[in-house]
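A.B. asks: Below is the structure I would like to discuss, written out as structure tokens.
The values are calculated or read from the model by the stated rules, or taken from the named source; none is laboratory data. Quick caveat, the model's predicted, so the values are computed rather than measured. Don't worry about glycine lacking a Cβ; one is built from the backbone with ideal geometry, like all the others, and counts go over all protein chains shown. In case anyone asks, the SASA skips ligands and DNA or RNA and just uses the protein heavy atoms, side chains included. Shrake-Rupley method; radii C 1.70, N 1.55, O 1.52, S 1.80 Å.
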Amino acid sequence: MARFKNRRNKKVIAKPPVVKKQPNVDQVTGDKIPKSFVFSRGKLPGPLKQLELDLRKVMLPYTALKLKEKKRNNIKDFLNVAGPMGVTHFLMLSNPKSVPHLRVARTPQGPTLSFEIREFALAADVARSQARPRCPQELFKNSPLIVLSGFGGGGQHLKLTTIMFQNIFPAIDINTVNLSACQRIVLLNYNSETKLIDVRHYSIRLQPVGVSRRIRKFVQNHQVPDLRGLQDVSDFVTKAGYGSESEADEEAATVNLASDLGRVNRASAKSAIKLQEIGPRMTIRLVKIEEGLCSGGVIFTEFGKEAAEANQEADEEAQDEE
């Protein structure tokens, strides 16, 4: 007869997943790494709610991508959590009187910059408008570069705006920066006539000048090419439509790399810089600056005679301090 052994029931203990803590200080520069929370205040319509999620992706990797919000949460609740987590900035979306607003605040004591969102397009809208959208997840492993244009020579409110956006992303050291980590860029362009700020989010690609698209794909993918329709191997290189895949190589900005980047871009050859918009895009206008975190004295406001006088006094005080 078959014998059955009594096996003791062993308890299976599930190990909690290992969560890697993000560093608070840059190991190279020694500076504190800025981190952010992106959340909403009040009820938002569907497009603005999606814009909130898109802004979280822009702020990656040093933001809470899956931050959970509740209706009863107030700013103090987020502030209590921000301290232990090393969060330095809040980006708050709201829709008062059906006019979208974005507030960017420095924690824990301010200042707070309030922007009116005139126009915006979601990342999905930008992708649908492109013939070949490109947005791999590897782009969001590192913080984007920040470029500010048109902010020089303005008043005190523009200086504060410049400082706020410069410090919202980690600083880089051009002597030690890893080129492979520079894959995204956030561009802010200020128009002094309309007083509007255009916000754009691009991905950065480097392509060797003078190398066809077909050869680039062959080197990068390491796949055996399909030569069934060709009479000679040379046709694979010289076939029409591939050698001139991008006539923009001659017009685009070209750089000489300090080191090899990937399998195609070599330091010994020139590479062309290609920017492709990945969204979201916004057109915003600065309407108010407060000293504290969504409170305190008004340093700048765009509306009203009293606002103009207060703005003028603030500029005069700043000039006296300088």
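A.B. asks: If a residue has to be among the polar types (S, T, N, Q) and either crowded, with 17+ Cβ neighbours inside 10 Å or under 25 Å from ALA181 (Cα atoms) (or both) to count, how many in region 57-81 make the cut? First the steps, then the outcome.
C.D. replies: Residues of region 57-81 that are among the polar types (S, T, N, Q), as a first pass: 63, 73-74, 80.
Adding the requirement that they be either crowded, with 17+ Cβ neighbours inside 10 Å or under 25 Å from ALA181 (Cα atoms) (or both) leaves 63.
Of the residues in region 57-81, 1 are among the polar types (S, T, N, Q) and either crowded, with 17+ Cβ neighbours inside 10 Å or under 25 Å from ALA181 (Cα atoms) (or both).
A.B. asks: Then there's this: Just to be sure before I move on: is LYS76 at pLDDT below 95, of a type in the set (Lys, Arg) and part of a helix (DSSP H, G or I) in the structure I sent?
C.D. replies: Values: at pLDDT below 95: yes; of a type in the set (Lys, Arg): yes; part of a helix (DSSP H, G or I): yes.
The answer is yes for LYS76.
A.B. asks: How many residues does region 94-125 hold that are of a type in the set (A, V, I, L, M) and within 18 Å of SER295 (Cβ to Cβ)?
C.D. replies: Of region 94-125, the ones of a type in the set (A, V, I, L, M) are 99, 102, 104-105, 113, 117, 121-124.
If we keep only those that are within 18 Å of SER295 (Cβ to Cβ) as well, we get 102, 104-105, 113.
Number of matching residues: 4.
A.B. asks: Test LYS35 against the stated conditions and say whether it is among the charged types (D, E, K, R), open to solvent by 50 Å² or more (accessible area, probe 1.4 Å) and either out of contact with any helix residue (DSSP H, G or I) (no Cβ under 8 Å at 6 or more places or on another chain) or without any contact (Cβ under 8 Å) to a residue 60 or more places away in the chain (or both). Steps first, answer last, please.
C.D. replies: Values: among the charged types (D, E, K, R): yes; open to solvent by 50 Å² or more (accessible area, probe 1.4 Å): no; either out of contact with any helix residue (DSSP H, G or I) (no Cβ under 8 Å at 6 or more places or on another chain) or without any contact (Cβ under 8 Å) to a residue 60 or more places away in the chain (or both): yes.
Spelling it out, it is not the case that LYS35 is among the charged types (D, E, K, R), open to solvent by 50 Å² or more (accessible area, probe 1.4 Å) and either out of contact with any helix residue (DSSP H, G or I) (no Cβ under 8 Å at 6 or more places or on another chain) or without any contact (Cβ under 8 Å) to a residue 60 or more places away in the chain (or both).
Residues checked against (1) in a strand (DSSP E or B); (2) over 27 Å from ARG184 (Cβ atoms); (3) without any contact (Cβ under 8 Å) to a residue 60 or more places away in the chain:
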site	(1), (2), (3)
LEU44	no, no, yes
LYS66	no, no, yes
LYS70	no, yes, yes
ASN80	no, yes, yes
LEU102	yes, no, no
GLU116	yes, no, no
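A.B. asks: Can you tell me which of PRO84, PRO100, PRO96, PRO111 is more than 15 Å from ARG285 (Cα to Cα) and buried (at least 19 other Cβ atoms within 10 Å of the Cβ)? Working first, answer last.
C.D. replies: Values: PRO84 fails: buried (at least 19 other Cβ atoms within 10 Å of the Cβ); PRO100 fails: more than 15 Å from ARG285 (Cα to Cα); PRO96 fails: buried (at least 19 other Cβ atoms within 10 Å of the Cβ).
Step by step, each of PRO84, PRO100, PRO96, PRO111 is checked, and only PRO111 is more than 15 Å from ARG285 (Cα to Cα) and buried (at least 19 other Cβ atoms within 10 Å of the Cβ).
A.B. asks: Could you list all residues from region 165-198 that are of a type in the set (A, V, I, L, M) and over 16 Å from ASP31 (Cα atoms)? Spell out how you get there, then give the answer.
C.D. replies: So the first thing to find is which residues in region 165-198 are of a type in the set (A, V, I, L, M), and the list is 168, 171-172, 174, 177, 179, 181, 185-188, 196-197.
If the condition is that a residue be of a type in the set (A, V, I, L, M) and over 16 Å from ASP31 (Cα atoms), then LEU179, ALA181, ILE185, VAL186, LEU187, LEU188, LEU196, ILE197 are the ones that fit.
A.B. asks: Separate question: Can you tell me which condition PHE90 does not meet? The list is (1) farther than 24 Å from THR194 by Cα; (2) assigned to a loop (DSSP other than H, G, I, E, B), and all the others hold.
C.D. replies: (2)
A.B. asks: Taking SER40 and the conditions (1) of a type in the set (Ser, Thr, Tyr); (2) out of contact with any strand residue (DSSP E or B) (no Cβ under 6 Å at 6 or more places or on another chain); (3) under 27 Å from GLU302 (Cβ atoms), which numbered condition does it fall short on, given that it satisfies the others?
C.D. replies: Against the list (1) of a type in the set (Ser, Thr, Tyr); (2) out of contact with any strand residue (DSSP E or B) (no Cβ under 6 Å at 6 or more places or on another chain); (3) under 27 Å from GLU302 (Cβ atoms), SER40 comes up short only on (2).
A.B. asks: Of the residues that make up region 153-174, is at least one under 23 Å from PHE120 (Cα atoms), β-branched (Val, Ile, Thr), outside any strand (DSSP E or B) and open to solvent by 50 Å² or more (accessible area, probe 1.4 Å)?
C.D. replies: no
A.B. asks: Could you count how many residues in region 23-65 are at pLDDT 95 or above and β-branched (Val, Ile, Thr)?
C.D. replies: Qualifying residue count for the region: 3.
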